[in-house]
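The structure appears below as structure tokens.
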Number of protein chains: 2
Amino acid sequence: MVSPEASHFQSSPMAKYAGARARPVICFNDVVLFLGGAFMSLILVWSFFSFSNSPNLTFSADKTDASTKCTRGIDMRYDPTDPVFYDDPDLSYTIEKPVKNWDEKRKRWLELHPSFIPGSENRTVMITGSQSGPCKNPIGDHLLLRFFKNKVDYCRIHGHDIFYSNALLHPKMKSFWAKLPAVKAAMIAHPEAEWIWWVDSDALFTDMDFTPPFHRYRNHNLVVHGWPGVVYDDRSWTALNAGVFLIRNCQWSMELIDTWTSMGPVSPDFAKWGEIQRSIFKDKLFPESDDQTALIYLLFKHKEVYYPKIYLEGEYYFEGYWLEIVPGLANITERYLEMEREDATLRRRHAEKVSERYAAFREERFLRGESGGKGSKRRPFVTHFTGCQPCSGDHNTMYDGDTCWNGMIKAINFADNQVMRRYGFVHSDLGKTSPLQPVPFDYPDEPW
Amino acid sequence: MVSPEASHFQSSPMAKYAGARARPVICFNDVVLFLGGAFMSLILVWSFFSFSNSPNLTFSADKTDASTKCTRGIDMRYDPTDPVFYDDPDLSYTIEKPVKNWDEKRKRWLELHPSFIPGSENRTVMITGSQSGPCKNPIGDHLLLRFFKNKVDYCRIHGHDIFYSNALLHPKMKSFWAKLPAVKAAMIAHPEAEWIWWVDSDALFTDMDFTPPFHRYRNHNLVVHGWPGVVYDDRSWTALNAGVFLIRNCQWSMELIDTWTSMGPVSPDFAKWGEIQRSIFKDKLFPESDDQTALIYLLFKHKEVYYPKIYLEGEYYFEGYWLEIVPGLANITERYLEMEREDATLRRRHAEKVSERYAAFREERFLRGESGGKGSKRRPFVTHFTGCQPCSGDHNTMYDGDTCWNGMIKAINFADNQVMRRYGFVHSDLGKTSPLQPVPFDYPDEPW
């Protein structure tokens, strides 16, 4: 028999639902259905977002998905009022005052400025500089100007910021010591940067395509061109070159800078450090303590502390000696043109801002396995005119001035050719800066 | 009576569901519940994303929502194989060959490179340059180096690319004519840029905060510092200054460049153009046709074509005459320090890359309504050392060399102070470049 309440509603449309509602078993079923619907739609939404966020295969020569997502870039007009390290009166930009807990401070700043997070893993700011007054060498400033332009070109192609330091941040930290206060101030001014890249004023980028292999340095905090054998066995002051280095923007580096500075001119023990360095490194050039020997000293004397964190990059010309590089530049030009004659993609004209794409093509097709050191097929990455002293003109007497200046012009134009291709021109003669020659379509395939 | 099938199952747990399934009314209810669950979860997901993507109130001093969306920036490693203007053999970077349909060509490039679209509305590439060989003036290259650094600083703060041109792209287009081939080549090399900003080597950015009011120029294709009255009534060759201009990267500009060039040294009518210009503009300085007078000529003779599209910006120092600016620099320094003494937000230290935020604060609180021309409270935007000729040293005889060089150093340091604040330092004496003095916390509030 049907219950009395149910029979009362049996004849009306609502009766169907009334009877159902009275049975507790349907409530459980309802819940299951409701949740099932919710779950199904969540699965659909999740699948949709996973599909539209699939990785962009940027290194494929095929047609890849146009990257339409997330392209606003950094927000330079956003700075929240939440306190950060800048608001701490105890934090100083100066070289004398150590910075503490820099990793946490940087991390907090980034968290509060999330637009800077994408791309932050190896974001780099380049620092270079020279003396504040005119050069003694009549063509010194002209050369410095051209070297600076070269760095600005490299940074523009690779999306790095660059800062030129031409005023001392500490009156005593002059000459090669001046870089340390500048680097430290830049670390603090650029919390968005993971690396600060110091490059001497007499160092030139001669491979505009090349990007340092940052993944190789993921466990290190300082990268210099150098060789362990020359540190520990030869004990030479040329074991590494402190004129070009990548330094990670972290607490370890802040402490390295403090220690490094403590062997410099601000230190009461400055004279003593000179003696110590000369006693160990017999070929040391400068009588006084210098930044390069001081760094080698730290590696030598405190290997367990420094060797794990300082990458002595000897595989490619992270910094290369000009004297062994310049004579080969014409051959390298020809070799790269030959690659382009073989490969239409490398001849294809393109916007300067997508140059990294074509660098990747060349890498894949012609340069795999090429380390980039002496005798390599690669262009030398950085050519450093050590000993030439373009500003003072007081070059090392083992070569004459003209070899230096002519070598510089040749290397500058060699690098500039890589830049000017994107503007439709080349220097057909590396020794001649101006005028340029227009590059014909599909160069260098057609007769030049 | 209960039906026979139902009674058969009545005693088992499954019986509850068996009886329910047999009634069609519950199927509809099930569907409603299922869809209800799906809809509810979609509402929840949509609410969640709306909440986390709420607009960023960047100009509010209050705590705003962190902008977490879409922040990857431009993709420099993506260049699809779809044909673009670069693949057209008829398109040339050189000054002699006109470019056609440039608007369509740029548009297609951007559509194929969508990561470059956000921010493209007023994206700017700055071009500057100087002669290819060392300057005759012994301190010439030193000054050029410092002027270049100043531009690099401005561009870094505002996120512009910058290119230094120091080689002729056409052997005949020298001196002030050299800028036109460089600007054209840059337009083609940088399709991502809406504006090319030519800035002479002897022009300096003396307000690092200021951004040109691009919205004002939205219907124009060329912006120069100038005055209509001086074009049409006075007929002076100083009616505008062609040493600093914004040129829109569009077909109209390509045609302007062609017309402009046709009055230059490559033209068979070059001598004639000099005569025509001298006949109309009686105070013309150079006997031969020059780029500045040529531009004024176009405005004068073909007003209906050029005046609607060339913005003669006379309201602020889009380009300012150094002689009337330099004497007031110390006062302006003091005035800006006074603003900072009044306003703690302006004293707040911050990353260099968010300087635009603080420029906006200062704008709102102290500079509203300040046009920026002569006698204005604003810093002069650009200070142009016209007539000083730092490279050759052949300055206009109405002032002596020292006035020029000392004025330059003062203006350079005035500008540099705005940069170095973000690195923790200042020049306390505008006449002295080095060393810098550290800036105390909360400067300039505490006694200096």
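Where a number appears in this text, it was derived from the coordinates with a stated rule and is not lab data. Because the structure is a prediction, the values reported are computed rather than measured. Counting neighbours? That spans all protein chains shown, and the Cβs are built from the backbone with ideal geometry, glycine included.
What do you get for the angle between helix B:401-420 and the principal long axis of chain B? Use alpha-carbon atoms, 0 to 90 degrees, nearest ten.
The answer is roughly 10 degrees.
Calculate log10 I(q)/I(0) of the stretch A:186-255 for q = 0.11, 0.20, 0.23 Å⁻¹, where I(q) comes from the Debye formula with a single equal point scatterer on each Cα and nothing for solvent.
Relative scattering, expressed as log10 I(q)/I(0), comes to -0.33, -1.02, -1.20.
Whole-Hz ³J(HN,Hα) for each residue in the stretch A:161-168, computed from phi via Karplus 6.51 cos²θ - 1.76 cosθ + 1.60 with θ = phi - 60°, x for glycine and proline: what do you get?
Along the stretch A:161-168, the couplings run 7, 9, 10, 9, 9, 10, 9, 5 Hz.
Just to confirm a number: summing +1 for Lys and Arg and -1 for Asp and Glu over residues other than A:Ile412 whose beta-carbon lies under 10 angstrom from that of A:Ile412, what do you get?
Numbers: positive: A:Arg146, A:Lys149, A:Lys410; negative: A:Asp416.
Around A:Ile412, the surrounding residues sum to +2.
Where the only charges are on Cβ atoms (+1 Lys, Arg; -1 Asp, Glu), what is the dipole of the stretch A:88-313 about its Cα centre, to the nearest 20 debye?
It comes to approximately 140 debye.
Between A:Val305 and B:Thr211, what's the calculated FRET efficiency when r is the beta-carbon distance and R0 is 45 Å? Round to 0.05.
After rounding, the FRET efficiency stands at 0.45.
Mean separation of Cα pairs under 8 Å and 6+ residues apart, divided by the residue count of chain A: what relative contact order is that in percent?
With pairs under 8 Å counted, the relative contact order is 16 percent.
Count the DSSP beta bridges whose two residues both fall in chain A, then state the antiparallel fraction as a percent rounded to the nearest 5.
Percentage antiparallel, nearest 5: 50.
Can you pull out the chymotrypsin sites (Phe, Trp or Tyr not before Pro) in the stretch B:195-295 that DSSP calls coil and that have at most 15 other Cβ atoms within 10 Å? Walk me through the numbers on the way to the answer.
Details: sites: B:Trp195, B:Trp197, B:Trp198, B:Phe205, B:Phe210, B:Phe214, B:Tyr217, B:Tyr232, B:Trp237, B:Phe245, B:Trp252, B:Trp260, B:Phe270, B:Trp273, B:Phe281; in loops: B:Phe210, B:Trp237, B:Phe281.
Within the stretch B:195-295, no chymotrypsin sites (Phe, Trp or Tyr not before Pro) qualify (loop, at most 15 other Cβ atoms within 10 Å).
Please identify every one of the trypsin sites (Lys or Arg not before Pro) in the stretch B:349-434 that sits in a loop by DSSP and has no more than 16 other beta carbons within 10 Å of its own beta carbon. Mind dumping the intermediate values first?
Values: sites: B:Arg349, B:Lys353, B:Arg357, B:Arg362, B:Arg365, B:Arg368, B:Lys374, B:Lys377, B:Arg378, B:Lys410, B:Arg421, B:Arg422, B:Lys432; in loops: B:Arg349, B:Arg368, B:Lys374, B:Lys377, B:Arg378, B:Lys432.
Hits after loop and neighbour filter: B:Arg368, B:Lys374, B:Lys377, B:Lys432.
Taking every pair of alpha-carbon atoms in the stretch A:322-438, what share in percent sits in each 5 Å bin, from 0 to the bin with the longest distance?
Spelled out per bin, shortest first, that is 2, 10, 18, 21, 20, 14, 8, 5, 2, 0.
When only Cα pairs under 8 Å and 6 or more residues apart are kept, what is the percent relative contact order across the stretch A:322-438?
Relative contact order for the stretch A:322-438 comes out at 22 percent.
Using only C-alpha positions, report the orientation-averaged shadow area of the convex hull of chain B, nm², one decimal.
Approximately 35.3 nm², given one-decimal rounding.
Please name whichever of A:Trp237, A:Leu285, A:Ala189 sits farthest to the positive end of the charge dipole of the stretch A:88-313, dipole taken about the Cα centre and charges placed at Cβ: Lys and Arg +1, Asp and Glu -1.
Ranked along the dipole, the leading option is A:Leu285.
Tell me, what ³J(HN,Hα) does each residue in the stretch B:97-113 have, in order and in whole Hz, if you take phi through Karplus 6.51 cos²θ - 1.76 cosθ + 1.60 with θ = phi - 60° and put x for Gly and Pro?
Each residue of the stretch B:97-113 in turn: 9, x, 9, 10, 6, 5, 4, 5, 5, 5, 4, 5, 4, 4, 4, 7, 10 Hz.
Which length gain, in nm to one decimal place, applies between B:Ser175 and B:Asp88 when the Cα-Cα distance is subtracted from 0.36 nm times their residue separation?
Extra length from B:Ser175 to B:Asp88 when fully extended: 28.2 nm.
What nm value, rounded to one decimal, do you get for the distance between B:Thr397 and B:Glu315 when each label is placed 7 Å out toward the C-beta?
The modelled label-to-label distance comes out at 4.2 nm.
If you take the alpha carbon radius of gyration of the protein assembly as shown and divide it by 2.2 N^0.38 Å, what ratio comes out, to two decimals? Numbers along the way, then the final one.
Working: Rg = 33.1 Å, N = 896, 2.2 N^0.38 = 29.1 Å.
For the protein assembly as shown, the normalised Cα radius of gyration comes out at 1.14.
Kindly write out, for the stretch B:144-157 in residue order, the coupling ³J(HN,Hα) from the Karplus curve 6.51 cos²θ - 1.76 cosθ + 1.60 (θ = phi - 60°), rounded to whole Hz, with x marking Gly and Pro.
With the stated coefficients, the stretch B:144-157 comes to 4, 4, 5, 5, 5, 4, 4, 5, 4, 4, 4, 5, 5, 5 Hz.
To the nearest 10 degrees, how steeply does helix B:329-342 sit against the main Cα axis of chain B, on a 0 to 90 scale?
30
Out of B:Pro114, B:Tyr297, B:Ile310, whose Cα points farthest toward the positive end of the dipole of the stretch B:88-313 (charges: +1 Lys, Arg; -1 Asp, Glu; placed on Cβ)?
B:Tyr297
On full extension of the chain, what length is gained from A:Val32 through A:Thr345, given 0.36 nm per residue of separation minus the C-alpha to C-alpha distance?
106.8 nm
With r defined as the distance between the Cβ atoms of A:Arg108 and A:Lys377 and R0 fixed at 41 Å, what FRET efficiency is calculated, to the nearest 0.05? Provide the component values of the computation, followed by the final result.
Details: r = 46 Å, r/R0 = 1.11.
Using R0 = 41 Å, I get an efficiency of 0.35.
7 Å along Cα→Cβ for the label point: how many nanometres lie between B:Lys432 and each equivalent label in the other copies, listed shortest first?
4.9
Go through B:Lys97/B:Lys172; A:Lys107/B:Lys353; A:Lys432/B:Lys172; A:Lys105/A:Lys172; A:Lys151/B:Lys151 and tell me which ones have a Cα-Cα distance over 18 Å in this structure.
From B:Lys97/B:Lys172; A:Lys107/B:Lys353; A:Lys432/B:Lys172; A:Lys105/A:Lys172; A:Lys151/B:Lys151, over 18 Å: A:Lys105/A:Lys172.
Considering only the protein assembly as shown, what is the antiparallel percent among its DSSP beta bridges, to the nearest 5?
Of the beta bridges lying entirely in the protein assembly as shown, close to 50 percent run antiparallel.
Given R₀ = 51 Å, what would the calculated FRET efficiency be for B:Ser120 paired with A:Asp269, taking r from the Cβ atoms and rounding to 0.05?
The formula returns an efficiency of 0.35 here.
By how many degrees, between 0 and 90 and to the nearest 10, does the Cα long axis of helix A:291-301 differ from the longest principal axis of chain A?
70
Based solely on its DSSP helices, what 222 nm [θ] is calculated for chain A when runs of n ≥ 4 H residues each add -39,500 (n - 2.57) and the sum is averaged over all residues, nearest 500 deg cm²/dmol?
It lands at -12000 deg cm²/dmol.
Can you list the equivalent-ellipsoid semi-axes of the stretch A:88-313, largest first and in whole Å, using the square root of 5 times each Cα gyration tensor eigenvalue?
For the stretch A:88-313, the ellipsoid semi-axes come out as 26, 22, 19 Å.
Taking a label point 7 Å out from Cα toward Cβ, give me the nm distances from B:Glu364 to the same spot in the other copies, shortest first, one decimal.
4.8
Taking the Cα centre of the protein assembly as shown as origin and charging only Cβ (+1 Lys, Arg; -1 Asp, Glu), how large is the dipole, in debye to the nearest 20?
So the magnitude is around 1440 debye.
Could you please report the charge total around A:Phe163, scoring K, R as +1 and D, E as -1 over all other residues with beta-carbon less than 11 angstrom from its beta-carbon?
Result for the local shell: +1.
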